[in-house]
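Visitor: Supplied in structure tokens, the structure appears directly below.
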Amino acid sequence: MTDQAKFSGKPLFFKSLAYKLLRTSLLIAVIFGVLSAIVQVSFDFSEQKTIIDDRVEDIFRVTGNSAQHAVHLLDDQIADEVVKGLEHYSFISKAIIYDDSDHIMAQYRLEPAASSTLWITELVSNTSKEYIQELSHTDGVVEGSFLLVINIDNALASFYDRALTIFISGFIRNAGLAVVLLGLYYLLLTKPLVGIARQVSAVNPDKPDGRRLESLPKHRDDELGLIVTAINGVLHTLEGQRLKLHERGKQLNLILDSSPNLIYAVNQAGDLVFLNKTAANFYNCTIEQLIGQCWYKQHKKQSEDEANNLLLLFKQTESRKDALFERDQSMTDCDGLQRTMQASFISFSFNNEICVLVVANDITGRVNAERRVENLAYFDTLTGLPNRNLLYDRVAMDISRCEREGNYGALLYIDLDEFKRVNDTLGHTVGDQLLVILSQSMGDQIRQTDTLARLGGDEFTLSLPDLSADFDAARAQAAELAGRLLVKLSQPVTLGNNEFNVSASIGVMMYPYNNEGTDTLLRFADTAMYKAKQGGRNAYMVFEPSMAVEADRLAKLEVELRLA
């Protein structure tokens, strides 16, 4: 268990469960207390307004006769005595007696003093209220009026005192309740939970070692006892699952390390988060040495271009979340040898971070074998030149290109004169060495677009595409190259203590020619080559249509003689 997860003592009071329960309970009590106080004060306020109205009615009833007598006699002195008699009522701010002409006979005015409750009065009611009583004689004739103006704020003074008492008593009652609840919550809940927390913090989840929580006194059968039982059950399950997980981890590591494939994962920072032994051996390090190391730098040591290419693949896999399967990728091992790997890049989540899993299979041997098979199928094993199969493909392509672009090309059939004598006298080994040297000499005389091929034995073929759009010019270029090849081949060649002078006969066939294919062109070039041999060897001959007629006649004659 980490240091941050360990229980380090009592929690802060303001973060404790007792405080939270107290705060909630107190808040509820205060809300209900305020609501009940508001309801009580509202009823009291309505009653107080009725009381004010009743007191005013009592004042009118007591002073009404005197005021009526004063207006009847129009006696200002009596009216003044009636008004002055109201001065002891502090809530009366104005008292006026009018005669039947609305002239003031007597009046009393009291400016209201500043009050701390005036803003409340302004919020819930008007600050003053007028009351008027008509003064009538016994015969019902109105002889004047009596006006009283009441200061509502002063009239409500006793009401405000009662309301303040209600709120203060409610607060004190709630505060006392909160203190009692705090003690109860602490003793019945917080203190036992702290004990449970201390026991849980003492258990190491990585190595429980059979430790269990002890039951708390007085809480064996209540909810806290159930919590202890549940935690012990979880610890038992955790211990069993940890053992299973440990065994599975060992099995998984055994499987990964037994795999011949490189298996490793890289996080977004480029660090290795896990790998198997095959991958560690590829980098010539141990697993422990590579964990947490930058994978990119491991490849950058060998080839920066290779590292940049791999990094680009990783970023694409991370951003697109698409897996790349069985991709042929070049990787350099710890010995600096470039290996061809069939690699899969898969984005996945590991330890709450996005990583890329790499599974790479070394297919260098298979790729090299495929290349050797392909080389045997299309290249001569002795000289490394294209063989007959590849020649046919190249010549077909050269003919198509010349037809498409309107140019002429040439096909040269080269046969070394009396080369069999070299093999018969000095052996095939010397003959093979001489063939390699002569093929290299001919290769030095041609363009990159030309194709020099070995048909077998001492026979070679050379395709020269795109010589010229003019037939005569193309023929002249082909003849010029054939002459240069004869000169080059006739130069002495030294092998060991022997010097050889080799000549050749070359037949030249121009293409395209009457939509003829490669077989026909080779046959015509072969015919021209035999004409060169018949002319004395060490020469070249350009094919003419008449040669084909003569060749066909001789072939027919040979067949007829065989049948005869």
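Visitor: Taking 0.36 nm per intervening residue step and subtracting the Cα-Cα distance, what contour gain separates Ile231 from Leu243 on full extension? Can you show the working numbers first?
Guide: On the way: separation 12, 0.36 × 12 = 4.32 nm, distance 1.83 nm.
Extra length from Ile231 to Leu243 when fully extended: 2.5 nm.
Visitor: Across the range 341-350, in residue order, what do the Karplus-derived ³J(HN,Hα) couplings come to in whole Hz, using 6.51 cos²θ - 1.76 cosθ + 1.60 with θ = phi - 60° and x for Gly and Pro?
Guide: Ordered by residue, 3J(HN,Hα) equals 10, 9, 10, 10, 10, 10, 7, 7, 9, 9 Hz.
Visitor: How high is the FRET efficiency from Arg55 to Lys84, r the C-beta distance, R0 22 Å, rounded to 0.05?
Guide: 0.75
Visitor: Divide the volume of the convex hull of the Cα atoms of the chain by its number of residues and quote the answer in cubic angstrom per residue.
Guide: Taking the convex hull of the Cα positions in the chain, it is 470 Å³ per residue.
Visitor: Next question, about the same structure. What accessible area per residue comes out for the chain, rounded to a whole number of Å², with a 1.4 Å probe?
Guide: On the way: 33230 Å² over 564 residues.
Result: 59 Å² per residue.
Visitor: Over the Cα atoms of the range 134-215, what is the Rg over Rh ratio if Rh follows Kirkwood?
Guide: On the way: Rg = 34.8 Å, Rh = 20.2 Å.
A ratio of 1.72.
Visitor: Count the net charge of all other residues whose Cβ sits under 12 Å from the Cβ of Asp552, scoring Lys and Arg as +1 and Asp and Glu as -1.
Guide: Every neighbour counted, the sum reads +1.
Visitor: Here's a follow-up. With every protein chain present, what accessible area does Arg394 have (1.4 Å probe, heavy atoms only), rounded to the nearest 10 Å²?
Guide: 80
Visitor: Of all chymotrypsin sites (Phe, Trp or Tyr not before Pro) in the range 471-564, which ones are in loop regions per DSSP and have a Cβ with at most 16 other Cβ atoms within 10 Å?
Guide: Hits after loop and neighbour filter: Tyr513.
Visitor: Return the FRET efficiency for the residue pair Val62, Arg173: r is the Cβ-Cβ distance, R0 is 41 Å, and the value is rounded to the nearest 0.05.
Guide: 0.45
Visitor: Can you find, among Pro492, Ser215, Gln534, the residue farthest towards the positive end of the dipole of the chain? Put +1 on the C-beta of Lys and Arg, -1 on that of Asp and Glu.
Guide: Farthest towards the positive pole: Pro492.
Visitor: What net charge is computed for the residues neighbouring Ile152, neighbours being all others with C-beta under 9 Å from the C-beta of Ile152, Lys and Arg scored +1, Asp and Glu -1?
Guide: +1
Visitor: Where Lys and Arg each count +1 and Asp and Glu each count -1, what net charge lies around Leu455 among other residues with Cβ under 10 Å from its Cβ?
Guide: The answer is -3.
Visitor: Which of the trypsin sites (Lys or Arg not before Pro) found in the range 503-550 are in a DSSP loop and have at most 15 neighbouring Cβ atoms, other than their own, within 10 Å?
Guide: Arg537
Visitor: Okay, moving on. How much of Ser128 can a 1.4 Å solvent probe reach, expressed as accessible area in Å² and rounded to 10?
Guide: 60
Visitor: Translational D (Stokes-Einstein, µm²/s) of the range 353-483 at 25 °C and 0.890 mPa s when Rh comes from the Kirkwood sum over C-alpha pairs?
Guide: 141
Visitor: List the pairs from Lys531/Lys556; Lys250/Lys300; Lys191/Lys244 whose alpha-carbon separation is above 27 Å, in the order I gave them.
Guide: Exceeds cut-off: Lys250/Lys300; Lys191/Lys244.
Visitor: Another question about this same structure. Charges at C-beta only: +1 for Lys and Arg, -1 for Asp and Glu. How large is the resulting dipole of the chain about its Cα centre, in Debye rounded to 20?
Guide: In debye, rounded to 20, the chain gives about 3280.
Visitor: Figure the gain on full extension for Arg198 and Arg371 (residue separation times 0.36 nm, minus the Cα-Cα span) and round it to one decimal in nm.
Guide: Numbers: separation 173, 0.36 × 173 = 62.28 nm, distance 6.98 nm.
Result: 55.3 nm gained on full extension.
Visitor: Right, here's the next one. Any idea what angle helix 518-534 forms with the longest principal axis of the chain, computed on alpha-carbon atoms, 0 to 90 degrees, nearest 10?
Guide: 30
Visitor: With each pseudo-label sitting 7 Å past Cα toward Cβ, what's the Asp432-Lys488 distance in nm, one decimal?
Guide: So the two model labels end up 2.4 nm from each other.
Visitor: Roughly speaking, what is the stretch gain from Ile291 to Leu118, that is 0.36 nm per residue apart minus the C-alpha to C-alpha distance, in nm to one decimal?
Guide: 54.5 nm
Visitor: Ok, one more. May I ask for the distance between the Cα centers of the range 389-430 and the range 323-356, given as a whole number of Å?
Guide: 45
Visitor: Could you tell me the calculated FRET efficiency between Gln251 and Glu353, based on Cβ-Cβ distance and R0 = 25 angstrom, to the nearest 0.05?
Guide: 0.50
Visitor: How far, in degrees from 0 to 90, does helix 223-258 lean away from the longest principal axis of the Cα atoms of the chain, to the nearest 10?
Guide: For 223-258 against the chain, the angle is about 10 degrees.
Visitor: Summarise the accessible area of the chain (1.4 Å probe, protein heavy atoms) by the percent that is carbon and sulfur.
Guide: 54
Visitor: Of the GluC sites (Glu not before Pro) in the range 38-128, which ones lie in a loop per DSSP and count no more than 13 other C-beta atoms within 10 Å?
Guide: Passing sites in the range 38-128 are Glu87.
The values are calculated or read from the model by the stated rules, or taken from the named source; none is laboratory data. Only a predicted model underlies this, so the values are computations on that prediction, with no experimental measurement involved. Neighbour counts are summed over all protein chains in view; Cβ atoms, including those assigned to glycine, are modelled from backbone coordinates with ideal geometry. Ligands, DNA and RNA are excluded from the accessible area calculation, which covers all protein heavy atoms including side chains. Shrake-Rupley method; radii C 1.70, N 1.55, O 1.52, S 1.80 Å.
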